[in-house]
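Beneath this line is the structure, given in structure tokens, with notes to follow.
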Amino acid sequence: MARERRVNKQAGAETRERLIEAAAETVRSEGYAGTSARTIAKAAGVNSALVFYHFGGVDPLLLAALDRSSEQRMAAYQEAVARARTLEELVEVANAIYRADLEGGHITLFSELVGASIARPALRTEIVKRSEPWIDFVERTLERVIGGSPLAGLMPPRDLAYAAITFYLGVNMFTHLDADRSRTEALFRLAGRVAPRARLLTMRLPRRGARAPRDGAGGNLPG
């Protein structure tokens, strides 16, 4: 009996995995409008009733697919941005992230669900909730790179994080209209040109109350 339960549990887990993978692929290829329990089940090679049995509906399944994709991307992003020490390097990483998301299909999955959430309040609530960890992640990264600098004083990392997420979402949506990606590429080139010119604004200010080094104690006074 115990063995039978283990087999059934394993089979259930495998079915869930197949449905999650099929849901993501169906949204990427058919869009949200063309995604249903039937199309997902067909791609997964299972009965459509299993969509409701395991997830309770199509939208919860699509959110599970988004969660899986976001979890994988977050792990990759954390590793990528950890190497960035300047605003210029951060722009380069952001460019690479955008390209990876575009090629990997994460942009399509995210954009389709955001678009669908406009007319579906319950889905919108779930998308907003899933945006918060990304805003926190961007804020922490910006705080590490520009925290304590004049730029951070003018544009707090939290505000910049919201701007970055808004920009990312806008680029995602616009990608569908920009067939050859020329305009999107131009935006990243512009960011690449601006970042070096903002170098002075990202230099950290000395801590308030810090004393200037005395001769022989970390520096020499001009004489």
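The values are calculated or read from the model by the stated rules, or taken from the named source; none is laboratory data. Nothing here was measured: the structure is a model prediction, and the numbers come from that model. Neighbour counts are summed over all protein chains in view; Cβ atoms, including those assigned to glycine, are modelled from backbone coordinates with ideal geometry. Areas reflect the complete protein model, heavy atoms only, side chains present, ligands, DNA and RNA absent. Shrake-Rupley method; radii C 1.70, N 1.55, O 1.52, S 1.80 Å.
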Note: among Glu139, Glu126, Glu103, Glu89, just one is surrounded by fewer than 14 Cβ atoms within 10 Å (Cβ to Cβ) and in a helix (DSSP H, G or I), namely Glu103
Restricting attention to the range 34-86, the residues that are under 17 Å from the mean Cα position of the chain (by Cα) and in a helix (DSSP H, G or I) number exactly 20
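Check Arg68, Arg38 and return the single one that is open to solvent by 30 Å² or more (accessible area, probe 1.4 Å) and under 19 Å from Val114 (Cβ atoms). Step through it out loud before you land on a result.
Numbers: Arg38 fails: under 19 Å from Val114 (Cβ atoms).
Matching residue, one of Arg68, Arg38: Arg68.
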Flagged pairs (Cβ under 6 angstrom, 6 or more apart or on separate chains; first in the range 54-73, under 21 Å from Gln10 (Cβ atoms); second open to solvent by 20 Å² or more (accessible area, probe 1.4 Å) and in a helix (DSSP H, G or I)) are His54/Arg16; Leu61/Phe55
Of the residues in the range 156-170, those that are loosely packed, with under 15 Cβ neighbours inside 10 Å and aliphatic (A, V, I, L, M) come to Ala163
With the first residue restricted to the range 134-150 and required to be at pLDDT 90 or above, and the second required to be open to solvent by less than 20 Å² (accessible area, probe 1.4 Å), Cβ contacts under 6 Å at 6 or more apart or on different chains are Ile135/Ala161; Val138/Ala161; Glu139/Pro157; Glu139/Ala161; Thr141/Val81; Leu142/Pro157; Glu143/Pro157
